[in-house]
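The next block holds one structure in the form of structure tokens; read it before the comments.
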């Protein structure tokens, strides 16, 4: 029988310490992208990063040997965020179309070819829609990945080349949609053109929403693969509402959920947020037991503190009416919980 781990055991302390460091690391990465957007690569000093993240220089250097490693880690974190949102939109659209395609395949070869073209085009549109929405919601993310990476070290430039190559491979699937495929460098040119347009818009002072570029960019992407007629249709395509590209499992988009947060997110606090996320509407006792806090006075005090700082909300009647509390995460609470993602056991 496994030995029960007590709250004050070395194993628990090690686990809690490790997750405190991970939370500090995530805060530094978010602060770095924000400092980078405001002050550029050279101006994003360690002091500025630490001040925004609310950590000491010692903590920074315990986690990162220098700013370059922090930049690379921030890029990897950004890539993770982008893939988390874009990949489901791209793959699920393709999966839906594939189901219809298998049905049409029983008719004629021509119909099958048409459906394959439609599937690739719609997958690209769905993925691009989510990407542009994400970049609009988080300008710091957009500037870091598209503008500041051009000024980075050889390692940063290598990261950029690898990322662009992945995009090229996605666009290059369009070559399968025509009997007479365009030149092999077409996808590379298309991706370069798309990035150039976005780069230019990000540098403009009027803060034009990138989502307004969706139809023109789609027209540019499909033109060499599907021809002028399809490209023209893309220009007049009806754009979906922004929320339609997201689902219930997608975390809320908050640029830096830790910014100006007046409380420190400890391991215990993170556990409570995780349990509320797993059991929306749970009572004080249920949350406390799941998070390993058996003292009802402590869990009540912690929940009130989280509620006062806008991380959770109570939708229950409370003890004044003889009913249990019913806790859920707020938008900011969801963003923080998604960022730290501590284990539940």
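Quick notes
- Some residue of the stretch 337-345 being crowded, with 18+ Cβ neighbours inside 10 Å, under 12 Å from residue 275 (Cβ atoms) and modelled with pLDDT under 75: yes
- Only one entry in 293, 287, 299 is surrounded by 15 or more Cβ atoms within 10 Å (Cβ to Cβ) and in a loop (DSSP other than H, G, I, E, B), namely 293.
- Here 262, 224, 280, 257 are screened, and the one residue that is at pLDDT 90 or above and assigned to a loop (DSSP other than H, G, I, E, B) is 280.
- Whichever residue in the stretch 42-79 is within 14 Å of residue 26 (Cβ to Cβ) and outside any helix (DSSP H, G or I) and, among such residues, is modelled with the lowest pLDDT: 54
- Some residue of the stretch 119-131 being loosely packed, with under 14 Cβ neighbours inside 10 Å, over 29 Å from residue 31 (Cβ atoms) and in contact (Cβ under 8 Å) with a residue 12 or more places away in the chain: no
- Candidates 211, 164, filtered to the one that is in contact (Cβ under 8 Å) with a residue 60 or more places away in the chain and assigned to a helix (DSSP H, G or I): 211
The values are calculated or read from the model by the stated rules, or taken from the named source; none is laboratory data. Owing to the predicted nature of the structure, the values given are computational and were not obtained by experimental measurement. Cβ coordinates were reconstructed from backbone atoms using ideal geometry, including for glycine residues, and neighbour counts include every protein chain displayed.
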